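Heads up: the structure comes next, in structure tokens.
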Amino acid sequence: MIRKRFLLTALAALCLSCTKIAVPTEGVEDKTGVPEIYPDYTGLVIPPNIAPLNFEIAMQGQEYVTRISNGKGKEMTAGGKTAEWDIDEWHSMLTDSKGGTIDYEVYVKDETGKWDRYRFSNKVAEEEIDPYVSYRLIEPLYTQYGSLSICQRDLSSWDEETVFNNSTHTTYGRQFCINCHVPRNNYRDGASQIHVRQHNGGTLIMTGDSIEKVNMKCDSTLTSGVYTAWHPTLDLIAYSTNETRQMFFSFSDTRPEVFDLRSDIILYDIKAKTIRNVANDPELLETYPAWHPDGKSLYYAAARYPEGVTAETQKDHYSEMRYDILRRRFDPASGVFAEPDTVVAASAQLQSALHPRISPDGRWLLYCKAPYGTFHLPHEESDLFMTDLETGEERRLENANSDRPESYHSWSSNSRWIVFSSRREDGQFTRPYIAYVDEDGVDSKAFVMPQKDPSHYADFMKSYNVPEFFVQPFRFTRARITKALEGTAHDAEFVF
């Protein structure tokens, strides 16, 4: 009996999937403008290997029908307020539409029986996006990190795996902080690292089949390593070391301000297990390192204390702290750094530039700017900017930005896609947005990472933090990471 019921259910589902939704042909009126849908997936450039862009029709109506087609004979239809696409048919259509467009028709039937039709198109790029993205899921309150986790999402499907979470740690329970899962070269060679703080913390450096737990805090460093930059070819990692503070305000519409009392740049040699200073100017705050893909320059953000301001009094002058982006030439053979030069003089514009990231082809320097500060996530004015490293020309990303904060960002391995953190939806929760950047550095409209349930982000009460592209899935199990974390950290030796 159970088997018969199962077969009947499966047969009914199969027949339903084969039923073609009837597209209205009579009483149809074309409307100007695009339909109101959530998420907003209109007027995009999308990767040919992205998961289906399911959406809800956010307009009043009695009935709904959506049809997509590519002008080559392929089409798909969906009935109802939610347009949800079969994943196999979707990928077949994307593959057939590379370099072309997918055309959408959204039909909404009103109470009189008339159908309104809205149209829009999305271009399908020739270039694929890196298939995986890693991010941290965190509660919106800084005090709540008991359920914090690092996850990895397959961008071509709905598969999400937990790389590591606090509850995995069996010895010390849940009260510690994990952050910054940063790969080398988009994980092409399987190297990455994770910071674990508080109880039995350390930096887990994962290369090949090995995991090494390192303690980088010593008498000559401000803190352990914080923000991370892998050298593209050598076994070197540049870190910032940051003494960070937060300020809280009594005004309900003012968000906490994060700032550094002090910060430096250090270099860790994986093989020699040594640390040395890169930038150690007591008059400067240095943070957010990033290597040029040729390995011959290190970029980072740096700010000078205003006249009369010290680390201890900075909290009273936080709105005067502005960062430029500097570059130090590096000789891979000798390991010697040159004196810094300024690449983005943001402070002269009364702006603060952070998070330098260079496209893998070496052409574009991407960063975010706001009127002040070292942590732009709470700053409504924070926008993404790009500098052409061949011409020095700077411009704001006109299509990808919004009127809400945009911050942490990374490049796909082919330099055609970026993923970044944005609070554009509600100003509270950070979501991962994706945008196309063409060979001339022109950006396209950004779209939120797709979910099977299009209402996911409206209901999900965690922020997506520090998105990073991966070209292959993460190779270490949670059990292996936990075992490494519970082991003893190797103390890095500081060399002068």
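The values are calculated or read from the model by the stated rules, or taken from the named source; none is laboratory data. Since the model is a prediction, treat every value here as computed from it, not as a measurement. In this analysis, Cβ positions are derived from the backbone assuming ideal geometry, glycine residues included, and neighbour counts consider all displayed protein chains. Heads up: the accessible areas ignore ligands, DNA and RNA and are worked out on the full protein's heavy atoms, side chains in. Shrake-Rupley method; radii C 1.70, N 1.55, O 1.52, S 1.80 Å.
Looking only at the stretch 271-291, decide whether some residue is open to solvent by less than 10 Å² (accessible area, probe 1.4 Å) and farther than 28 Å from residue 489 by Cβ.
No, that holds for no residue.
Quick check on residue 68: is it assigned to a strand (DSSP E or B), crowded, with 21+ Cβ neighbours inside 10 Å, within 30 Å of the chain's Cα centre (by Cα) and hydrophobic (A, V, I, L, M, F, W, C)? Give the steps one after another, and end with the answer.
Working: assigned to a strand (DSSP E or B): yes; crowded, with 21+ Cβ neighbours inside 10 Å: yes; within 30 Å of the chain's Cα centre (by Cα): yes; hydrophobic (A, V, I, L, M, F, W, C): yes.
Answer is yes for this residue.
If you check residue 278 against the conditions, is it among the hydrophobic types (A, V, I, L, M, F, W, C), more than 27 Å from residue 392 (Cα to Cα) and not in a loop (DSSP other than H, G, I, E, B)?
Working: among the hydrophobic types (A, V, I, L, M, F, W, C): yes; more than 27 Å from residue 392 (Cα to Cα): no; not in a loop (DSSP other than H, G, I, E, B): yes.
So residue 278 fails the test.
Does residue 445 satisfy the condition of being open to solvent by 30 Å² or more (accessible area, probe 1.4 Å) and assigned to a helix (DSSP H, G or I)?
Working: open to solvent by 30 Å² or more (accessible area, probe 1.4 Å): yes; assigned to a helix (DSSP H, G or I): no.
In short, no.
Which of the residues belonging to the stretch 101-139 are among the hydroxyl-bearing types (Ser, Thr, Tyr) and crowded, with 19+ Cβ neighbours inside 10 Å?
Initially, the stretch 101-139 is screened for residues among the hydroxyl-bearing types (Ser, Thr, Tyr), giving 101, 104, 107, 112, 118, 121, 132, 134-135.
104, 107, 118, 132, 134, 135 - these are the residues of the stretch 101-139 that are among the hydroxyl-bearing types (Ser, Thr, Tyr) and crowded, with 19+ Cβ neighbours inside 10 Å.
When you check residue 50 against the structure, is it of a type in the set (A, V, I, L, M) and open to solvent by 30 Å² or more (accessible area, probe 1.4 Å), yes or no?
Numbers: of a type in the set (A, V, I, L, M): yes; open to solvent by 30 Å² or more (accessible area, probe 1.4 Å): no.
No: the conditions fail for residue 50.
Return the pairs, sorted by first residue and then second, in which the second residue is assigned to a helix (DSSP H, G or I) and at pLDDT below 95, the first residue lies in the stretch 86-97 and is more than 14 Å from residue 126 (Cα to Cα) and of a type in the set (D, E, K, R), the beta carbons are less than 8 Å apart, and the residues are 6+ apart or on different chains.
Matching pairs, first to second residue: 86/17.
Sort out which residues of the stretch 324-359 are exposed (fewer than 14 other Cβ atoms within 10 Å of the Cβ) and part of a strand (DSSP E or B), and write them in order of number.
The answer is 331, 336, 341, 342.
Residue under question is residue 29, and the condition is that it be part of a strand (DSSP E or B) and within 27 Å of the chain's Cα centre (by Cα); does it hold? Walk me through it before giving the result.
Working: part of a strand (DSSP E or B): yes; within 27 Å of the chain's Cα centre (by Cα): no.
Judged against the criteria, residue 29 is not a match.
Suppose the filter is in a loop (DSSP other than H, G, I, E, B) and exposed (fewer than 14 other Cβ atoms within 10 Å of the Cβ); does residue 451 pass it? Walk me through how you get there before you give the answer.
On the way: in a loop (DSSP other than H, G, I, E, B): yes; exposed (fewer than 14 other Cβ atoms within 10 Å of the Cβ): no.
For residue 451, the condition - in a loop (DSSP other than H, G, I, E, B) and exposed (fewer than 14 other Cβ atoms within 10 Å of the Cβ) - is not met.
Being modelled with pLDDT under 95 and in contact with a helix residue (DSSP H, G or I) (Cβ under 9 Å, 6 or more places away or on another chain): is that true of residue 375 here?
No.
Checking residue 459 against (1) modelled with pLDDT of 95 or more; (2) over 16 Å from residue 162 (Cα atoms); (3) not aliphatic (A, V, I, L, M), which single condition isn't satisfied?
Every listed condition holds for residue 459 apart from (1).
Failed condition for residue 309, given (1) open to solvent by less than 30 Å² (accessible area, probe 1.4 Å); (2) under 22 Å from residue 230 (Cα atoms); (3) over 28 Å from the mean Cα position of the chain (by Cα); (4) of a type outside the set (Phe, Trp, Tyr), with all others met?
(2)
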